Amino acid sequence: MELMCYRYPELQCEYDIDPELGGMKVPNFILQPIVENSLLHGLKNKGYRGEVRISARKTQDNRMEILVSDTGSGFAEGKKPAIDQMLLTYSKQPAKLEGNSIGILNVQKRIKLLCGRNQSLCFG
């Protein structure tokens, strides 16, 4: 993010991380593809002008929730339901997807494998 903000001065990144989460471990390569999607699919068509916000907090049931949001254009018409369905049926997806969702699918599979089947990636 620091390099992208340097390259695109009108791009801003805000972090809101609960200090209590300082010692919690997060699986490798979980956050990077999501932030990259936020930049490439949310802010690229706006000339990388806008904000990416990354926040992490502890939930009431003592889990960690990481949120990535941006001020980009949002999902294209019909794209969010397709992604939601892909995430729901992640175990039945082919190893090589066609299209741009392979990063999202890999993150979902990694979360399920390393954190348990009750943990998940979702889009709001």
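The values are calculated or read from the model by the stated rules, or taken from the named source; none is laboratory data. The structure presented is a predicted model; accordingly, all values stated were derived computationally and were not measured. Using ideal geometry, Cβ is built from the backbone for each residue, glycine included, and neighbour counts are taken over all protein chains shown. Accessible surface areas use protein heavy atoms only, side chains included; no ligands, DNA or RNA. Shrake-Rupley method; radii C 1.70, N 1.55, O 1.52, S 1.80 Å.
Whether any residue in segment 18-31 is open to solvent by 30 Å² or more (accessible area, probe 1.4 Å), of a type in the set (Phe, Trp, Tyr) and within 20 Å of Cys122 (Cβ to Cβ) is what I want to check.
There is at least one residue in segment 18-31 that is open to solvent by 30 Å² or more (accessible area, probe 1.4 Å), of a type in the set (Phe, Trp, Tyr) and within 20 Å of Cys122 (Cβ to Cβ).
Could you please give the count of residues in segment 38-48 that are under 17 Å from Tyr15 (Cα atoms) and either of a type in the set (Asp, Glu) or out of contact with any strand residue (DSSP E or B) (no Cβ under 6 Å at 6 or more places or on another chain) (or both)? Spell out how you get there, then give the answer.
Step one: filter segment 38-48 for residues under 17 Å from Tyr15 (Cα atoms), giving 38-39.
Those still in the list that are either of a type in the set (Asp, Glu) or out of contact with any strand residue (DSSP E or B) (no Cβ under 6 Å at 6 or more places or on another chain) (or both) too: 39.
Number satisfying all stated conditions: 1.
Starting from residues that are more than 13 Å from the chain's Cα centre (by Cα) and surrounded by 14 or more Cβ atoms within 10 Å (Cβ to Cβ), keep the ones in segment 32-55 and report whichever is farthest from Glu65 (Cα to Cα). Spell out how you get there, then give the answer.
The first filter runs over segment 32-55 and keeps only residues more than 13 Å from the chain's Cα centre (by Cα), leaving 43-51.
Checking the rest, the ones that are also surrounded by 14 or more Cβ atoms within 10 Å (Cβ to Cβ) come to 43, 46, 48, 50-51.
Details: Leu43: 23, Lys46: 28, Tyr48: 26, Gly50: 23, Glu51: 20 Å.
Once the filter is applied, the top-ranked residue is Lys46.
Is it the case, given these coordinates, that Leu87 is open to solvent by less than 70 Å² (accessible area, probe 1.4 Å), aliphatic (A, V, I, L, M) and under 18 Å from Pro27 (Cβ atoms)?
Working: open to solvent by less than 70 Å² (accessible area, probe 1.4 Å): yes; aliphatic (A, V, I, L, M): yes; under 18 Å from Pro27 (Cβ atoms): yes.
For Leu87, the condition - open to solvent by less than 70 Å² (accessible area, probe 1.4 Å), aliphatic (A, V, I, L, M) and under 18 Å from Pro27 (Cβ atoms) - is met.
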